[in-house]
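Chemist: First the structure, then my questions, so here it is.
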């Protein structure tokens, strides 16, 4: 029996296996609203056989988008656009759906990666003044963001809560609060980006305060029977930055507030980061959080091979694995993993006849069992 294809419970959310499609920004929305690309993209990934599909970083406000083409959930048009896409996905796939709620902070007002990814100046088309804990630009030569005042902090909290309520109306099975990759909540955590002198800066307790308040706002706004968890960057990979000790303290505080799981990544807050990239290079962080905090953990980062993913689960290093680029490159990755590991995977009946002869019991119909 493959451990990768065993079911997993995160709070009240039942997952058919341990494979998660990680959130991946598409930079293809129109005014924050999902368009035909999202229908194609998410519909494609929903047929992958993974247990959970996490929608890309979804901005809680227009100014919280990474780029002008980012997905958002801050107005009625955004909600209606996603409702159309999600209805199509649910009509053809049993995959569970989560959404990553996010605010880009000082990394907002940027170009898409294929356009270079650099900051768009506030006075340029599709540009605006970013917001952050402190008036410190992300990179040399960028316009400094505006430091959030008390009114601005309250607006961000309210925006996260409002988006969580919209996500609930859309029927999302779970929410992931984005506190990683150098975006706003990570900026509050890291002393590299947070140099405030009030109750939200300085000590570890103060730097954690605002991300925890945002988590509380989302948890209170989303139905209690549906889980909410957090994506963290375990380390900044920069001396003097956010580190594993801080992540452990943050995780314990999140657990006390009802956080259902941790999605463990790293980096993103500084261009000075030095990341020792290698297969599974972040899995050790997930394992330590799993062991010391006791929450279910999702490992991510250069997990590309079925045997590698199987070992991570079988050896107890994480409870689930998330794939991003590997899933884009091979959207049927779970099918191939199931074939190699002797497991079964859900597939739509329109595709059953493609089963290789040596894997005639590979596919399972969600309604009727093995085919």
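Chemist: Report whether or not residue 183 is on the phi < 0 side of the Ramachandran plot, touching a helix residue (DSSP H, G or I) at 6+ places or on another chain (Cβ under 7 Å) and surrounded by fewer than 23 Cβ atoms within 10 Å (Cβ to Cβ). First the steps, then the outcome.
Modeler: Working: on the phi < 0 side of the Ramachandran plot: yes; touching a helix residue (DSSP H, G or I) at 6+ places or on another chain (Cβ under 7 Å): yes; surrounded by fewer than 23 Cβ atoms within 10 Å (Cβ to Cβ): no.
It is false that residue 183 is on the phi < 0 side of the Ramachandran plot, touching a helix residue (DSSP H, G or I) at 6+ places or on another chain (Cβ under 7 Å) and surrounded by fewer than 23 Cβ atoms within 10 Å (Cβ to Cβ).
Chemist: Could you tell me whether residue 338 is assigned to a loop (DSSP other than H, G, I, E, B), in contact (Cβ under 8 Å) with a residue 24 or more places away in the chain and in contact with a strand residue (DSSP E or B) (Cβ under 6 Å, 6 or more places away or on another chain)? Lay out the reasoning, then the answer.
Modeler: On the way: assigned to a loop (DSSP other than H, G, I, E, B): no; in contact (Cβ under 8 Å) with a residue 24 or more places away in the chain: yes; in contact with a strand residue (DSSP E or B) (Cβ under 6 Å, 6 or more places away or on another chain): yes.
For residue 338, the condition - assigned to a loop (DSSP other than H, G, I, E, B), in contact (Cβ under 8 Å) with a residue 24 or more places away in the chain and in contact with a strand residue (DSSP E or B) (Cβ under 6 Å, 6 or more places away or on another chain) - is not met.
Chemist: Determine whether segment 144-152 contains at least one residue that is part of a helix (DSSP H, G or I) and under 15 Å from the mean Cα position of the chain (by Cα). If you could, list the steps in order and put the result at the bottom.
Modeler: Looking only at segment 144-152, we keep the residues that are part of a helix (DSSP H, G or I), and these are 150-152.
Next cut, under 15 Å from the mean Cα position of the chain (by Cα) only: none.
No, every residue in segment 144-152 fails to be part of a helix (DSSP H, G or I) and under 15 Å from the mean Cα position of the chain (by Cα).
Chemist: Since residue 12 meets every condition but one in (1) touching a residue at least 60 places away in the same chain (Cβ under 8 Å); (2) surrounded by fewer than 17 Cβ atoms within 10 Å (Cβ to Cβ); (3) touching a helix residue (DSSP H, G or I) at 6+ places or on another chain (Cβ under 9 Å), which condition does it not meet?
Modeler: For residue 12, the exception is condition (3).
Chemist: Cβ-Cβ distance below 6 Å, separation of 6 or more or different chains: which pairs start in segment 46-63 with a residue that is under 16 Å from residue 88 (Cα atoms) and end on one that is in a helix (DSSP H, G or I) and modelled with pLDDT of 95 or more?
Modeler: 46/89; 48/334; 53/45; 53/46
Chemist: Checking residue 140 against (1) out of contact with any helix residue (DSSP H, G or I) (no Cβ under 7 Å at 6 or more places or on another chain); (2) part of a loop (DSSP other than H, G, I, E, B); (3) at pLDDT 95 or above; (4) over 17 Å from residue 54 (Cβ atoms), which test does it fail?
Modeler: Status for residue 140: all satisfied but (3).
Chemist: Mind checking which residues of segment 243-269 are more than 16 Å from residue 297 (Cβ to Cβ), within 19 Å of the chain's Cα centre (by Cα) and buried (at least 16 other Cβ atoms within 10 Å of the Cβ)?
Modeler: Within segment 243-269, 267, 268, 269 meet the criteria.
Chemist: Kindly indicate whether residue 148 is surrounded by 16 or more Cβ atoms within 10 Å (Cβ to Cβ), without any contact (Cβ under 8 Å) to a residue 40 or more places away in the chain and either closer than 30 Å to residue 16 by Cα or touching a helix residue (DSSP H, G or I) at 6+ places or on another chain (Cβ under 8 Å) (or both).
Modeler: Yes: the conditions hold for residue 148.
Chemist: OK, next. For segment 27-46, name all the residues that are closer than 19 Å to residue 324 by Cβ, out of contact with any helix residue (DSSP H, G or I) (no Cβ under 6 Å at 6 or more places or on another chain) and modelled with pLDDT of 95 or more.
Modeler: 27, 29, 37, 40, 41, 45
Chemist: In the list 284, 267, 240, which residue meets the criterion of being part of a loop (DSSP other than H, G, I, E, B) and either in contact with a helix residue (DSSP H, G or I) (Cβ under 7 Å, 6 or more places away or on another chain) or within 29 Å of residue 4 (Cα to Cα) (or both)?
Modeler: Working: 284 fails: part of a loop (DSSP other than H, G, I, E, B); 240 fails: either in contact with a helix residue (DSSP H, G or I) (Cβ under 7 Å, 6 or more places away or on another chain) or within 29 Å of residue 4 (Cα to Cα) (or both).
Just a single option satisfies the conditions, and that option is 267.
Chemist: Could you grab me the full set of residues in segment 36-70 that are more than 24 Å from residue 334 (Cβ to Cβ) and assigned to a helix (DSSP H, G or I)?
Modeler: 36, 62, 63, 64
Chemist: Would segment 71-90 turn up any residue that is surrounded by fewer than 20 Cβ atoms within 10 Å (Cβ to Cβ) and in a loop (DSSP other than H, G, I, E, B)?
Modeler: Within segment 71-90 (the criterion being surrounded by fewer than 20 Cβ atoms within 10 Å (Cβ to Cβ) and in a loop (DSSP other than H, G, I, E, B)), the answer is yes, since at least one residue qualifies.
Chemist: If we keep just the residues of segment 191-208 that are touching a helix residue (DSSP H, G or I) at 6+ places or on another chain (Cβ under 8 Å) and closer than 28 Å to residue 11 by Cβ, which is surrounded by the fewest Cβ atoms within 10 Å (Cβ to Cβ)?
Modeler: Within segment 191-208, the match that is surrounded by the fewest Cβ atoms within 10 Å (Cβ to Cβ) is 204.
Chemist: Condition first: closer than 23 Å to residue 322 by Cβ and not in a loop (DSSP other than H, G, I, E, B). Can you find one or more residues in segment 199-212 that meet it? Spell out how you get there, then give the answer.
Modeler: Residues of segment 199-212 closer than 23 Å to residue 322 by Cβ: 211.
Still in the list and also not in a loop (DSSP other than H, G, I, E, B): 211.
Yes: segment 199-212 contains one or more residues that are closer than 23 Å to residue 322 by Cβ and not in a loop (DSSP other than H, G, I, E, B).
Chemist: Let me ask another. Can you tell me which residues in segment 289-324 are part of a helix (DSSP H, G or I) and either at positive phi or in contact (Cβ under 8 Å) with a residue 12 or more places away in the chain (or both)? Write out each step before concluding.
Modeler: Initial filter on segment 289-324 (part of a helix (DSSP H, G or I)): 289-293, 306-314.
Within segment 289-324, 289, 290, 292, 293, 306, 307, 308, 309, 310, 312, 313, 314 qualify.
Chemist: Also, I was wondering about something else. Looking only at residues in segment 6-28 that are in a loop (DSSP other than H, G, I, E, B) and touching a strand residue (DSSP E or B) at 6+ places or on another chain (Cβ under 7 Å), which one is farthest from residue 263 (Cα to Cα)?
Modeler: Applying the first criterion (in a loop (DSSP other than H, G, I, E, B)) to segment 6-28 yields 6-7, 11-12, 16-18, 22-28.
From what's left, touching a strand residue (DSSP E or B) at 6+ places or on another chain (Cβ under 7 Å): 7, 16, 18, 22-26.
Working: 7: 18, 16: 18, 18: 13, 22: 9, 23: 11, 24: 14, 25: 16, 26: 20 Å.
Selected residue: 26.
Chemist: Quick one: would you say residue 168 is without any contact (Cβ under 8 Å) to a residue 60 or more places away in the chain and not in a helix (DSSP H, G or I)? Steps first, answer last, please.
Modeler: Working: without any contact (Cβ under 8 Å) to a residue 60 or more places away in the chain: yes; not in a helix (DSSP H, G or I): no.
No; evaluated as a whole, the condition is false for this residue.
Chemist: Considering only segment 253-263, I want to know if a residue exists there that is in a loop (DSSP other than H, G, I, E, B), within 27 Å of residue 174 (Cα to Cα), in contact (Cβ under 8 Å) with a residue 60 or more places away in the chain and touching a strand residue (DSSP E or B) at 6+ places or on another chain (Cβ under 7 Å).
Modeler: Residues of segment 253-263 in a loop (DSSP other than H, G, I, E, B): 257-261.
From what's left, within 27 Å of residue 174 (Cα to Cα): 257-261.
Subsequent filtering for residues that are in contact (Cβ under 8 Å) with a residue 60 or more places away in the chain retains 260-261.
Next cut, touching a strand residue (DSSP E or B) at 6+ places or on another chain (Cβ under 7 Å) only: 260-261.
There is at least one residue in segment 253-263 that is in a loop (DSSP other than H, G, I, E, B), within 27 Å of residue 174 (Cα to Cα), in contact (Cβ under 8 Å) with a residue 60 or more places away in the chain and touching a strand residue (DSSP E or B) at 6+ places or on another chain (Cβ under 7 Å).
The values are calculated or read from the model by the stated rules, or taken from the named source; none is laboratory data. Bear in mind the structure is a predicted one, so any value in this text is a computation, not a measurement. Positions of Cβ are backbone-derived with ideal geometry, glycine not excepted, and every protein chain shown enters the neighbour counts.
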